[in-house]
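Here's the structure, in structure tokens; my notes come after.
The values are calculated or read from the model by the stated rules, or taken from the named source; none is laboratory data. Just so you know, these numbers come straight off a predicted model, no measurement behind them. We place every Cβ from the backbone using ideal geometry, glycine too, and count neighbours over all the protein chains shown. Side chains included, ligands, DNA and RNA excluded: accessible areas come from the protein's heavy atoms. Shrake-Rupley method; radii C 1.70, N 1.55, O 1.52, S 1.80 Å.
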Amino acid sequence: MQLIIDNISKTYDNGVQALQGISLEITKGMFGLLGPNGAGKSTLMRTIATLQNADSGHISFNDLDIYKDKNAIRKVLGYLPQQFGVYPKMSSEILLNHLAVLKGITNKKERKEVVHVLLDRTNLYEVRKQNLGVFSGGMKQRFGIAQALLNNPKLLIVDEPTAGLDPKERNRFYNLLSEIAENTIVILSTHIVDDIKELCHQMAIINRGEVILKGKPLELIEQVQGKVYQKIIDRSEFEMYKSQYQVINETFFMGKPVVQIMSNSNPGNGFEPIDAGLEEVYFSQINQSK
């Protein structure tokens, strides 16, 4: 099971170059696509989902060309976009049943079984009679996953799925995606670093339409280990430190600004080494690509 993205580029009519020569090979399991808002993540997700064509390049899934075989791809594709609408006065059971018909599950008995299994799997069975308009953000996201799984997809795309969820809902969503990824390619597009760290065995960082780093999260963290230092500073000093060091991030500790830098050797001057994580990997790459 393999998704091959080969040199994909996309420029919109307004002149914005959203993708610039994106190439990735993605296999079964969870793949994280990490990047800031506006980096091109959603454009790439929509392109893979056959909702728009690229200007150049090719995408194939298990030897199927997604442009030449759109209907075949859609039969094995599940997609949860960043924003999706529901009918607020319709119950989750009725709407999921309706969407199942649209996805070709015409046998009434089979459809009822599929709908109930998915509602149970997404922890919505007990509230299946409630209108979607009273669902919390997390419940709506779980309904979104339920509809994406109706055709038992081999390729599942989820775009910013945990934005706005509380920690409990996020953990529930993590568990569900991890279970699905055991037999499916799951592409998780997000700007939340913890989503990638917790879930993905492979990842890529995208910024300004380009892949700037790809690999295994733990290996990427190891590459920056021992190279990240930080220091509490006065707010007025930030620009000075920015001109003298490779600043990757500015955080706060008890209300005081903390500057983080990347250095191959101990910079002295009051800087202390810290244990690097995926967040430091991310900020070091994003700031270098500005």
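Got the relative contact order for the stretch 57-169 handy, in percent, Cα pairs under 8 Å and 6 or more residues apart? Provide the component values of the computation, followed by the final result.
Numbers: 133 pairs, mean separation 44.3, N = 113.
So the answer I get is 39 percent.
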> For the chain, what is the accessible area per residue in Å², given a 1.4 Å probe and the full set of protein chains?
Replying inline: 51 Å²
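Please work out the FRET efficiency for the pair residue 91 and residue 163, using the Cβ-Cβ distance as r and a Förster radius of 22 Å; give the result to the nearest 0.05. Mind dumping the intermediate values first?
On the way: r = 25 Å, r/R0 = 1.14.
The formula returns an efficiency of 0.30 here.
What per residue convex hull volume, in Å³, do the alpha-carbon atoms of the stretch 250-290 yield? Walk me through the numbers before you get to the answer.
Details: hull volume 4.0 nm³, N = 41.
Taking only Cα atoms, the stretch 250-290 has a hull volume of 98 Å³ per residue.
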>> Let me make sure I get this right: for the chain, a, b and c are the square roots of the gyration tensor eigenvalues over alpha carbons, sorted descending. Under 1.5 in a/c it's rounded, otherwise prolate if a/b > b/c, else oblate. Which is it?
In response: prolate
> Please identify the trypsin sites (Lys or Arg not before Pro) of the stretch 51-133 that satisfy two criteria: DSSP loop assignment and at most 14 other Cβ atoms within 10 Å. Which are they?
Replying inline: 68, 89, 129
>> Running a GNM on the chain with Cα contacts under 10 Å, which residue among 234, 55, 159 ends up with the highest mean-square fluctuation?
In response: 234
>> Below 13 angstrom from the Cβ of residue 100, what's the summed charge of the other residues (Lys, Arg +1; Asp, Glu -1)?
In response: +2
>> Assuming a strict under-25 Å limit between Cα atoms, what lysine pair count do you get for the stretch 59-127 once near-sequence pairs (fewer than 8 apart, same chain) are dropped?
In response: 11
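What does the helix-only formula give at 222 nm for the chain: each DSSP H stretch with n ≥ 4 adding -39500 (n - 2.57), the total divided by the residues, and the result rounded to the nearest 500 deg cm²/dmol?
Details: 10 runs with 98 residues, N = 290.
Per the formula, -10000 deg cm²/dmol.
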>> Give me, ordered by chain and number, the residues 5 or more places off residue 206 or on other chains with an amide H under 5 Å from its own placed amide H.
In response: 34, 35, 212
> Computed FRET efficiency, Cβ-Cβ of residue 112 and residue 201, R0 41 Å: what is it to the nearest 0.05?
Replying inline: 0.70
> Nearest-5 percent of antiparallel DSSP beta bridges in the stretch 157-235?
Replying inline: 60 percent
> In whole percent, how big is the carbon plus sulfur part of the accessible area of the stretch 22-170, probe 1.4 Å, protein atoms only?
Replying inline: 49 percent
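Among rounded, prolate and oblate, which fits the stretch 74-142 when a ≥ b ≥ c are the square roots of the eigenvalues of its C-alpha gyration tensor, a/c under 1.5 means rounded, and a/b larger than b/c means prolate?
On the way: a/c = 1.67, a/b = 1.25, b/c = 1.34.
Since a/c reaches 1.5 but b/c is at least a/b, the shape of the stretch 74-142 is classed as oblate.
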> Measuring from centroid to centroid over Cα atoms, what is the spacing of the stretch 1-65 and the stretch 195-235 in Å?
Replying inline: 21 Å
